[in-house]
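**Q** Sharing a structure here in structure tokens format.
The values are calculated or read from the model by the stated rules, or taken from the named source; none is laboratory data. Since this is a predicted model, take the numbers as computed values, not measurements. All Cβ positions, even for glycine, are placed from backbone atoms using ideal geometry, and neighbour counts span all protein chains on display. For the accessible areas, the whole protein counts, side chains as well, though only heavy atoms, and no ligand, DNA or RNA atoms are used. Shrake-Rupley method; radii C 1.70, N 1.55, O 1.52, S 1.80 Å.
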Amino acid sequence: MTKKLKKRLRRILCGLVLFAAALVLEGTVGERYPNGVLLAFLAAFFVSGGDVLKKAAMNIIRGQVFDENFLMTIATVGAFLVGEYPEGAAVMLFYQVGEWFQAYAVNQSRKSIRELMDIRPDSAIVLRDAGPVRVTPEEVRPGERIVVKPGERIPLDGVIEKGTTALDMMALTGESLPREVGEGDDVISGSVNVSGVIEIRVTKEFGESTVSKILELVENAGSRKSESEHFISRFARVYTPTVVVLAALLAVLPPLLVGGNWSTWIYRALSFLVVSCPCALVISIPLSFFGGLGGASKSGILIKGSNYLESLSKAEIVVMDKTGTLTKGNFAVGRIAAVTSKERLLELTAYAESGSNHPISLSLRQAYEERSGKKIDKSRITQMEDMAGFGVSAVIDGQQVIAGNFRHMQQNGICCEPAQEVGTVVYAACDGSYLGYLVIADEIRADAAEAVRKLYAAGVRDVVMLTGDREETAQAVARELGISHVYAQLLPGDKVDHMEALMQKKSAAGRLIFVGDGMNDAPVLARSDIGIAMGGLGSDAAIEAADVVIMTDEPSKIAKAIAISRRTLSIVKQNTIFAIGVKILILILAACGMASMWAAVFGDVGVAVIAILNAMRALNVKGQEG
């Protein structure tokens, strides 16, 4: 609990003690010492509500008259003037109780954001000519080397040059298990070094680092308000002056028109003012969205504002890129179909392709080195030729080896049948004899199928895949994942055209979401209603281009983001209906003289506390689908 909360709680407790003492005094010597009773209730009133009176006066001076401080001041001071001392003191006391619950709830909601803000490192140890120097992260330049000890937070993005360790990335991604890293691996700022001492070569200035981008995103999230928040702000600006005017008319018109006791109608008007305070709506609805944003951030889902959080709840069509989103974007050797020896086929193909930096060539070389435990020996290769669009030719250990596509085999007179495989097929032959083929495929992410299933279960009408890959490969991936519509062999411009067509198919209230890796999908992300970038860690483009950034490579978190959004909106609707319903009921009863100021206290403070406690549920995202 913060110092401010503790101070307010002490004021409430002191006021409560004085209020109880005043009630005892009223019951024992009230008739004999009425002025003493008045002073006792005034003491409870000023101790518990002195700050409210001060705020009301300051706001009136600034021209900001119609707020809850003004309403409470008029209502409670008026109660004292008509001789209702206990009600006047009680209203102020319980109003402060409601304010304390509000402040506590906001503090709890901000806690998750503060935990994320704690990822900002305070310093970095730089290795310079004079030795290790501790400086601020802003002073470190790209290319310099820093040392990070166990338990310290990595201050800047970079590459490990020395040492191995495990990184705790829970604050960034929500992952509970540390990630093992070693020499040559990229590391990002904000993660915690768990086990070993590592030396890192810095690749980005602090202002361009991952942690800096995330902090900027989180700090600005609250400025993008949802339609519901804008509505409540507009509603409060009109509602508060209206109820003040109605209360004034209720106090004046009935005694003048139909007669009656002025004190009775003023008391009803004061009760009307107490219950009319819009605290429950003005506080609980922004608090619900703030809780939803905080809960999402704890799950590694960064949403750039409550407007996007609200839009996610209306998801109708989800369009997904294939490579890097549904698949890992890493090519790997899958099936090896050899005429004789699989080991010989892989070895000769890897050697033949070893002179190329193409992803397929790199995957062949990696597969050979992992399976054989040997490195490529370039001395065995005496000749090498790369034929664009066909494949390669090389002389290995004096043998003529060719590797490439089916046309390459035909061009060289090699007799073989085209393989009916999903993925890129590399054929190989040695000295004119066919060796077989290898299938190079992009691996599907472990939870991709689950992600698609959960999106449909969440009520998403259609899941569409756009890809520049071959039709056969795209259709095979779609069948495996259960995706209904696929558009393949697309250029970036084609993707935008398809997005335009899909935008026409959604309903007026629905939203179209595009999910990509954030690197080459900026035009499509911008065209969609909501752009979601996958694997935002280390990707500046993802954080800049998207409205929602999923910090890990888990497509299933898309469904979780939608679930968090819908739950948050559900809480907002509950609070709105409950608060307005109860207030209207008690307003009518108060105007008719059927509700006392004590009922008005419940209509204001009670409703506000219940709505605030309900809003805090938005922080809890455990167990939600996704």
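**Q** For Cα pairs less than 8 Å apart in space and 6+ apart in sequence, what is the mean separation divided by the residue count of the chain, i.e. the relative contact order in percent? Please list the in-between numbers first.
**A** Values: 1208 pairs, mean separation 94.3, N = 626.
It comes to 15 percent, rounded to a whole number.
**Q** Okay, next question. What GluC sites (Glu not before Pro) does the range 320-382 have in DSSP loop regions with at most 15 other beta carbons within 10 Å?
**A** Filter output for the range 320-382: empty list.
**Q** So what does LEU25 come to for accessible area, using a 1.4 Å probe and Å² rounded to 10?
**A** LEU25 exposes around 60 Å² with every protein chain in place.
**Q** Let me ask another. How much of the pair distance distribution for the chain lies past 43 Å, counting alpha-carbon pairs only, in percent?
**A** 44
**Q** Hey, quick one: spin label on SER484, modelled 7 Å out along Cα-Cβ, who in the range 446-466 has an amide N within reach, i.e. under 16 Å?
**A** Flagged as within label range: 452-466.
**Q** Tell me, how many Å apart are the Cα centres for the range 451-515 and for the range 234-304?
**A** Computed from Cα coordinates, the inter-centre distance equals 46 Å.
**Q** Once label points are set 7 Å from the Cα along Cα→Cβ at both GLU544 and ASP122, what is their separation, rounded to one decimal in nm?
**A** In this crude spin-label approximation the distance works out to 3.3 nm.
**Q** Order ILE558, ILE376 by their accessible area, 1.4 angstrom probe, all chains in place, largest first.
**A** ILE376, ILE558
**Q** What nm distance separates the two modelled labels at GLU227 and THR242, each placed 7 Å from Cα along Cα→Cβ?
**A** Distance between label points: 2.0 nm.
**Q** On to the next question. Would you please put 145-155, 413-423 in order of how densely packed they are, using the mean number of other Cβ atoms within 10 angstrom per residue and starting with the highest?
**A** Listed from highest to lowest mean packing, they are 145-155, 413-423.
**Q** Rounded to the nearest 0.05, what FRET efficiency do LEU25 and SER570 have when you use their Cβ-Cβ distance and R0 = 41 Å?
**A** With R0 = 41 Å, the Cβ-Cβ based efficiency is 0.30.
**Q** Once you list every other residue whose beta carbon is under 12 Å from the beta carbon of ARG134, what net charge do they have if Lys and Arg are +1 and Asp and Glu are -1?
**A** -1
**Q** Kindly identify the range 1-107 as rounded, prolate or oblate by the Cα gyration tensor criterion: order the square roots of the eigenvalues as a ≥ b ≥ c, call it rounded if a/c is under 1.5, otherwise compare a/b with b/c, prolate if a/b is larger, else oblate.
**A** In terms of gyration-tensor shape, oblate.
**Q** Further question: May I ask you to compute the full-extension gain from ALA457 to GLN410, defined as 0.36 nm times their residue separation minus their alpha-carbon distance, rounded to one decimal in nm?
**A** Answer, rounded to one decimal: 12.1 nm.
**Q** Ok, one more. Compare the peptides 282-293, 248-259 by average per-residue count of other Cβ atoms within 10 angstrom and give them in order, highest first.
**A** 282-293, 248-259
**Q** Between GLU208 and ARG380, what length in nm is gained on full extension when 0.36 nm per residue of separation is reduced by their alpha carbon distance?
**A** Numbers: separation 172, 0.36 × 172 = 61.92 nm, distance 4.49 nm.
Computed gain between GLU208 and ARG380 is 57.4 nm.
**Q** For a Förster distance of 56 Å, can you work out the FRET efficiency between the beta-carbons of ARG32 and PHE235, rounded to the nearest 0.05?
**A** The computed FRET efficiency comes out at 0.70.
**Q** Accessible area of the chain with a 1.4 Å probe: how many percent of it is carbon plus sulfur?
**A** 56
**Q** To continue, here is another question. Leaving out ligands, DNA and RNA but keeping every protein chain, what accessible area does SER379 have, in Å² rounded to the nearest 10, with a 1.4 Å probe?
**A** In the full protein context, SER379 sits at about 90 Å².
**Q** Pull out the extension gain between ARG470 and PHE80, defined as 0.36 nm times the separation in residues minus the alpha carbon to alpha carbon distance; nm, one decimal.
**A** 132.3 nm
**Q** Going down the list LYS3/LYS314; LYS322/LYS378; LYS506/LYS560; LYS3/LYS298, which pairs span over 32 Å between their C-alpha atoms?
**A** From LYS3/LYS314; LYS322/LYS378; LYS506/LYS560; LYS3/LYS298, over 32 Å: LYS3/LYS314; LYS322/LYS378.
**Q** For ASP186 and SER341, what does the FRET efficiency come to when R0 = 30 Å and r is the distance between their Cβ atoms, rounded to the nearest 0.05?
**A** Taking R0 as 30 Å, the efficiency between ASP186 and SER341 is 0.20.
**Q** What order do you get for 576-589, 387-400, 598-611 when each peptide is scored by the mean count of other beta carbon atoms within 10 Å, highest first? Don't skip to the answer; put the middle values down first.
**A** Working: 576-589: 17.2, 387-400: 15.5, 598-611: 23.3.
Averaged packing, sorted descending, gives the order 598-611, 576-589, 387-400.
**Q** Rounded if a/c is under 1.5, else prolate if a/b is larger than b/c, else oblate: which is the range 236-281, with a ≥ b ≥ c the root eigenvalues of its Cα gyration tensor?
**A** oblate
**Q** Per residue, how many Å² of accessible area does the chain show with a 1.4 Å probe?
**A** Accessible surface, normalised per residue, equals 45 Å².
**Q** With label points built 7 Å along Cα→Cβ from the Cα atoms of VAL65 and LEU362, find their separation and express it in nm.
**A** 7.0
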